[in-house]
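Below is one structure, written out as structure tokens; the observations come after it.
The numbers here are math on the coordinates, done by the rules we state, and not lab data. Given the structure is predicted, the values throughout are model-derived calculations rather than measurements. Methodologically, a virtual Cβ is constructed for each residue, glycine included, from the backbone with ideal geometry; neighbour enumeration extends over all protein chains shown.
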Amino acid sequence: MKKDCLFCKIASKQMDAQLLMETDDLVVFKDINPLAPVHLLFVPKRHIRSINDLEQTDGPILEGLIFAAKEMAVKTGVNKTGYRLFFNVEKGGGQEIFHLHMHMIGGWES
Ligand code: AMP
Ligand code: ZN
């Protein structure tokens with residue numbers, strides 16, 4: 001846990017969020033400023049700054065994020081209408097919260 005990291009605080013329940021799913025390794029919550037009818041964030045509990053800081057041994061973390069997305073796609077119904085998964089990496093890539101997270105956006109009419 002990194003002091004003053006918003007997503008560490010949400011993952012450890014020191015701050016509220018609209019939590020939709022939790023496992024030993026990750027949390028999923030609604031983005032506070034949604035860009036689409038469905039906008040979720042998939043966040044590993046362990047503090048990792050960005051994709052740039054991933055180690056080879058972190059493979060299972062990424063796997064967990066993708067399978068959580070698959071599950072949440074069914075729960076929110078976007079599995080039928082389609083969705084995008086993406087990571088913003090560092091400032092130039094649009095990253096504003098420097099704790100690794102994957103976005104899921106979707107839910108538009110198709
Ligand atoms: P990024 O630009 O990839 O770092 O994305 C950060 C995302 O976190 C943005 O889409 C914000 O709207 C979202 N966000 C910021 N603060 C919160 C919060 N307290 N709860 C939920 N989402 C948040
Ligand atoms: Zn953090």
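Listed by chain and number, the aspartates and glutamates whose C-alpha is less than 20 Å from the C-alpha of Lys80, apart from same-chain residues fewer than 8 away, are Glu71, Glu109. Of the GluC sites (Glu not before Pro) found in the stretch 8-110, those that fall in a DSSP loop while having at most 10 other beta-carbon atoms within 10 Å are Glu55, Glu96, Glu109. The ranking of Arg49, Arg84 by Cβ neighbour count inside 10 Å, starting from the fewest, reads Arg84, Arg49. Using a cutoff of 8 angstrom between alpha carbon atoms and counting only pairs six or more residues apart, the relative contact order for the chain works out to 30 percent.
Report the extension gain between Ile32 and Lys70 in nm, rounded to one decimal, defined as 0.36 nm multiplied by the number of residues separating them, less their alpha carbon distance. The partial results should precede the final answer.
Values: separation 38, 0.36 × 38 = 13.68 nm, distance 2.11 nm.
So the extension gain works out to 11.6 nm.
In this label model, Thr57 and Ile97 are separated by 2.7 nm, measuring between points 7 Å along each Cα→Cβ vector.
Note on the stretch 1-96: with charges restricted to the Cβ of Lys and Arg (+1) and Asp and Glu (-1), its dipole about the Cα centre is near 260 debye.
Within the same chain, lysines fewer than 8 places from Lys9 are excluded, and of the rest, those with a Cα less than 30 Å from its Cα are Lys30, Lys45, Lys70, Lys75, Lys91. The length gained by stretching the chain between Asn79 and Met15 to full extension, at 0.36 nm per residue less their Cα-Cα distance, is 20.1 nm. Applying 1/(1 + (r/R0)^6) with R0 = 35 Å to the Cβ-Cβ distance of Arg46 and Glu109 gives a FRET efficiency near 0.40.
How large is the Kirkwood hydrodynamic radius of the stretch 6-106, counting all unique pairs of alpha carbons, in Å? Let's see the in-between values first.
Details: mean 1/r = 0.0729 Å⁻¹.
One over the average 1/r among Cα pairs gives 13.7 Å for the stretch 6-106.
Modelled spin labels at Asp24 and Lys2, positioned 7 Å past Cα toward Cβ, are 2.5 nm from each other. Applying both filters, DSSP loop and at most 12 other Cβ atoms within 10 Å, to the chymotrypsin sites (Phe, Trp or Tyr not before Pro) of the stretch 7-110 gives Trp108.
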